[in-house]
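Scroll down for the structure; my scribbles are underneath it.
Here, each number is a calculation from the coordinates, and none is a lab measurement. What you are looking at is a predicted structure, and each value in this text was computed from that prediction instead of being measured. Note that we place each Cβ from the backbone using ideal geometry, even for glycine, and neighbour counts take in every protein chain shown.
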Amino acid sequence: MKGVQKSAIVILGASGDLANRKLIPALCKLFQERKIDESCIIVGSGRTDFTDEAFRRKFDVPGEFARLLYYHQGLSGLNRFVDGKGSFDRIIVFFALPPAAYSRTAEELFKEGFGEETAIIVEKPFGYDFDSARGLNLSLNHYFSEERIFRIDHYLAKEAVQNILVFRFANTLFEPVWNSHYIDCIQINAFEKIGVGDRGAYFDSAGIVRDMVQNHLTQLLCLMTMEPPVSLDSEDIRFQKMSILKALEYTDGSMFQYKGYREEKGVAPDSVTETYAEMKLFINNFRWTGMPVFIRTGKCLGRRGTEIGIRFKRPPKLLFNTGGKLERNTIIFKIQPAEGILLDLSSKIPGGDIRITHTNMRFCYRDSFEQEIPKAYQRLLLDALKGDRTLFVSAQETELSWRKVAPFLNRGILGTYRKGEVPESNLGADWIDFDKYGSIC
């Protein structure tokens, strides 16, 4: 496969942590895999005064890749600097900047003369609520058309997330039962062991609903429940995700805060920001009518893991289930840290009596594939260079998602919980025991 050629990647905020930990390593990997070639350049830009050589020394990369790295201080003259390095068919500008700077930066890039060959990449959060998201989208669209704006939700680039559509639509045995007639509920977990760390100031202004539910977990839900798209074209997939977003109805939820949160660096001493949330919602369409979806996410919960559980209804009270106690079949999608899919099934214990136990069929990435699983930013940067918007989020999706979670924004905390413990649920849900699947992959 021929690699991307004659493209320029500009990283604004290149002296920051994101460029050092994620972006430059991802671009180096793409170069080593020959997915971008030596006709491309990578230009860092920031407030710090670096020479090209000093900028290259910041990163632990091979010399042949380091030669692609250049540095320009500030935005003034940046377009002329890039033009001076060659003729490029495509320029992508990555905003490794605080979201508050997005609008002003887009305007400055436009005034600098970055034209139709230029696309911009912005990170979440895309706004703080519906009104701010709408304002940000209008501002960016004033200078760059929607087709040239790539909004990153890095969850969408995880291999285990991309595999959701393959699992659903490339295997005919699942589609007939993928509806509320057979599925009892869908549960999504996103647990973290750690607290807010050095992100206290940001997190205290956001909370876990803004940080996780509005974007990452809503996108996972859309992929898990959307109708089959006509094709894998980005617009066809986006249309089906939008249909789910329009049908979402959040009906209940509880917010909690871990003890000691208010003593974290950057957190207000009287903060009422939630660090844990549980939410119940319904998808009001023919496929999913009446089936609940439960979402739980938070920090300092004693374990790390993002999983989706599909719990099926119990068999009729016949044959092996005359007492109505037979366990339900479950499918677990393990998104991270150990990617895989598990099917929890009933089977007979060997012997003369009919005794039933649980077993599982599993697919684990680390056991099934020898090649290294690509990092999310590798896929996202490569897709942006190719102009493929499939794994990026549209303006409509961001705005509608904000509108749907609005009832749970700024609600304040209902209770507290100790570090390492999951708060007692107020939703009355029969939670899947994700812990028992934790060590299988």
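Structure data summary
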read-out: Lysine pair number, Cα distance threshold 25 Å (strictly under), the range 7-123, separation 8 or more or different chains; value: 9
read-out: Placed amide H near VAL4: partners under 5 Å, 5+ positions off or other chain; value: ILE36, ASP37
read-out: Residue-averaged 222 nm ellipticity for the chain, from DSSP H runs of 4+ at -39500 (n - 2.57), nearest 500; value: -7500 deg cm²/dmol
read-out: Built amide H within the under 5 Å cut-off of GLY44, gap 5+; value: ILE11, TYR70, TYR71, HIS72
read-out: Convex hull projection area averaged over all views, the range 7-123, Cα basis, nm²; value: 6.7
read-out: Within straight-line cross-link reach of LYS265, lysines at Cα separation under 21 Å, skipping those fewer than 8 residues along the same chain; value: LYS193, LYS299, LYS419
read-out: Positive minus negative residues near MET291 (Lys, Arg vs Asp, Glu; Cβ under 14 Å); value: +2
read-out: Unsatisfied cross-links (Cα-Cα over 19 Å) in the set LYS124/LYS280; LYS158/LYS375; LYS259/LYS334; value: LYS124/LYS280; LYS259/LYS334
read-out: Cut-off under 5 Å, modelled amide H: who pairs with TYR417 long-range; value: GLN257, TYR258, LYS259
read-out: Rg/Rh for the range 219-297, where both radii come from Cα atoms and Rh is the Kirkwood radius; value: 1.16
read-out: In Hz, Karplus ³J(HN,Hα) per residue of the range 70-82 (6.51, -1.76, 1.60; θ = phi - 60°; x = Gly, Pro); value: 9, 9, 9, 7, x, 8, 5, x, 5, 5, 5, 4, 5
read-out: Most positive-pole-ward Cα, ALA429, PRO25, PRO315, against dipole of the chain from beta carbon charges; value: PRO315
read-out: Bridge type composition, the range 7-123 - antiparallel percent by DSSP, nearest 5; value: 0
read-out: Antiparallel bridge percentage (DSSP; both residues within the chain; nearest 5); value: 55
read-out: Förster-model FRET efficiency, 25 Å R0, ARG34 and PHE174, C-beta, rounded to 0.05; value: 0.10
read-out: Three-way shape call for the range 185-261 based on the alpha-carbon gyration tensor, with the a/c threshold at 1.5; value: prolate
read-out: Set of the range 273-314 residues, backbone N closer than 20 Å to the point 7 Å along the Cα-Cβ line of GLU263; value: 273-276, 299-302
read-out: Coil-residue GluC sites (Glu not before Pro) of the range 73-154, DSSP, other Cβ within 10 Å capped at 16; value: GLU116, GLU117
read-out: Inter-label distance, nm, simple model (7 Å from Cα along the C-beta direction), ASN141/PHE110; value: 1.3
read-out: Average Cα contact separation per residue, the chain, under 8 Å, 6 or more apart, as relative contact order %; value: 18
read-out: Low-density loop cleavage sites - trypsin sites (Lys or Arg not before Pro) in the range 141-211, where at most 13 other Cβ are within 10 Å (DSSP); value: LYS193
read-out: Estimated inter-spin distance, THR390 and ARG411, nm [label 7 Å along Cα→Cβ]; value: 3.6
read-out: Positive minus negative residues near GLN336 (Lys, Arg vs Asp, Glu; Cβ under 13 Å); value: +3
